[in-house]
Every structure is written in structure tokens, then in C-alpha cells.
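Take a look at the structure below.
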Amino acid sequence: MVISPWENQTTIAEFVLRGFSSIRQLNIFLFMMFLVFYILIISGNILIVLLVLFSHHLHTPMYFFLVNLSFLEIWYTSNIVPKMLLIIIAEQKTISVAECLAQFYFFGSLAATECLLLAVMSYDRYLAICQPLHYPILMTGPLCIKLASSSWLCCFLLTAITMVLLSRLPFCGPNEIDHFFCDFTPLVHLSCKDTSLTETIAYATSSAVTLLPFLLITASYSRILIAILRIPLGTGRRKAFSTCSSHLTVVTVFYGTLIATYLVPSASSSQLLRKGFSLLYTILTPMFNPIIYSLRNRDIHEALKVCLSKKPGFLLR
């Protein structure tokens, strides 16, 4: 009878998140910087949600999907940043296996949902620009609700498959995760069992919720670009492009940082670089999204002016 070399190992109950321990002398600076970023993310996205909810002229499909995206960003960063701030400033850097798996589940689900929401928003822009006369008939309220709810439900269910497989893996040590949150790759590397099935299924599901939306976004904007180029030079072309420029910028930043992160070599010498790229899509992208949508959006500007011109308590009524 052959005894597995893993049978005599003790299953661990908690992990140690190393965070940015290699640059420990900057901990106070990093803590303050990330805390400011987190406050900006939460306040900026909450502001967009409130502006859309209380401004009747923003009750359109585009802003309905924007509210979903802002709501997602709030929970996306809240799932990662508070724990990251704790491990930066505190000596206690441990996280239980259950808490770590839960953090990965919500991170994976919300990141996948963002991919689908961005694809849905690109489809909305395609209909608005390429089929403007039929847009009110095609993009109805019930359809918007179905598209948004399907995005949330589909991604949470798909990530649950990976989550179940990951939770059944034994972790026997070492228990250190050289990252500031519980990502999939560092977790499977700590397992003392064959993880090929888990990795294959995770790769398949993650590809489905990232590559397919990306292809849909590319197809939508290809048609949008063709439609815009057919518009005579002048105000019409600029107006058509302005309706989708903010969303296109967000898509470029989000997918650009995501691709850059996972194309970086996994060698230990590049781990600090991988953490830096991870910060781009976990902190900087959610922080820039409200700014991008606000700076070049006349409707948001007008809604904000109206809100500021009213009494401070108008949101409570």
C-alpha cells in the first residue's frame, strides 16, 4: 500500500497575508494613501448612486446600469481594502481559511459581474447610437432589470463552482500568502493535493466571464465606430462619440489592468510587480470610474448642480 506524502501533514486553519511586508518602512504612508483612496471610492460611487436615484432625468437605461456598476464597486473594494489596511498597519496578519475563501468568492464574483455589466453597457450604447429610433422599444425597463440581474446571478453561480472545489482542497502548509488579499493562484499553490481539476474549471469559468464579454464589447464598439464615421463631420459626430467615450475609457482601464496583471510572469522576483498591477484593478480603477463618468458627462453635472442648489436635507425626503 502506497502512502501519500500528504497524509502525515497537518491541515492548517489560517493563512498569513504578507501584504507589502517587503517595504515595511512605508507602512504608515501606504496605510494613509490607501485609506484616502478607499474613502474616495466609497464617497464617489455613493454620490453617483444618489444622484441617479434622486434625479428623474437620469432614470434611463444607461444610468440604471451605471448605478449597478457603482454599487458593485462599493462592495468590490470593501471586500478587499479594509482587510488590506489592517494587515498593513497591524502586527496580526492572519486570516482564517473560511474568511479567506469567502473573500476570494466575493472578489471573483464581483470582478466577473463587472465584466458582464460592462458588456451590457456597451450593448446599450450600441442600440442608442446604431438604432436610435428603435432604442426606446428595444431597451425597455424590464429588459434592463433582466440584463442586470442575470449578470449578478450568473457570475455568483459560476464562481460558486470554483469556490466549492477550492474549499475541498486540503491546505497543509506553508500558510503564507505573498499577497494583500486571497486570490485564486496563491491559494491553489498552498494546497497539498493535485489541483489540476480545480484550476481547469476555474480557468474555463473565468474565461467565459471575461473573454466573451470582451468580444461582445469589441463587436459593439466596432459597429458604433462604423456608425459614427458615417455621421457628417460636426456636432452630430461629437455628440455620438461623447455618449460612449466615458464607458469606453472605463473598459480600456479595467481590461488593460486585468490583462497586465495576469500576463506578468509568476516568478518570485516579479511578485511585487504583480501586487502593483493588482492594486490598479482593486483600488485605482474603482476610484477613477466615478471621476471618468462625471468629468465628461453633462447630465451628471446638471444633476449635481441641482442637488447642491437645494437644501442639505433634500436627499432625506
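What to note about this one:
- Checked against (1) over 21 Å from T243 (Cβ atoms); (2) buried (at least 20 other Cβ atoms within 10 Å of the Cβ), T185 meets all criteria but (2).
- Entry remark, region 162-217: residues being among the β-branched types (V, I, T), in contact with a strand residue (DSSP E or B) (Cβ under 9 Å, 6 or more places away or on another chain) and touching a residue at least 40 places away in the same chain (Cβ under 8 Å) number 1 in total.
- All conditions but one from (1) under 27 Å from I226 (Cα atoms); (2) hydroxyl-bearing (S, T, Y); (3) open to solvent by 40 Å² or more (accessible area, probe 1.4 Å) apply to S96; the one that does not is (1).
- Test result for A102, without any contact (Cβ under 8 Å) to a residue 12 or more places away in the chain, in a helix (DSSP H, G or I), open to solvent by 20 Å² or more (accessible area, probe 1.4 Å) and not aromatic (F, W, Y): yes
- L169 surrounded by 14 or more Cβ atoms within 10 Å (Cβ to Cβ) and assigned to a loop (DSSP other than H, G, I, E, B): yes
- Entirely in region 1-93, the helices (runs of 4 or more DSSP H) that have 2 or more residues that are at pLDDT 90 or above, closer than 21 Å to E114 by Cα and open to solvent by 50 Å² or more (accessible area, probe 1.4 Å): 27-54, 61-78
- Residue check, R125 over 30 Å from F34 (Cα atoms), of a type outside the set (F, W, Y), open to solvent by 80 Å² or more (accessible area, probe 1.4 Å) and part of a helix (DSSP H, G or I): no
The values are calculated or read from the model by the stated rules, or taken from the named source; none is laboratory data. Computed from a predicted model, the values in this text were never measured in an experiment. Note: ideal-geometry Cβ built from the backbone for every residue, glycine included; neighbour counts use all protein chains shown. All accessible areas refer to the heavy atoms of the entire protein, side chains included, with ligands and DNA or RNA removed. Shrake-Rupley method; radii C 1.70, N 1.55, O 1.52, S 1.80 Å.
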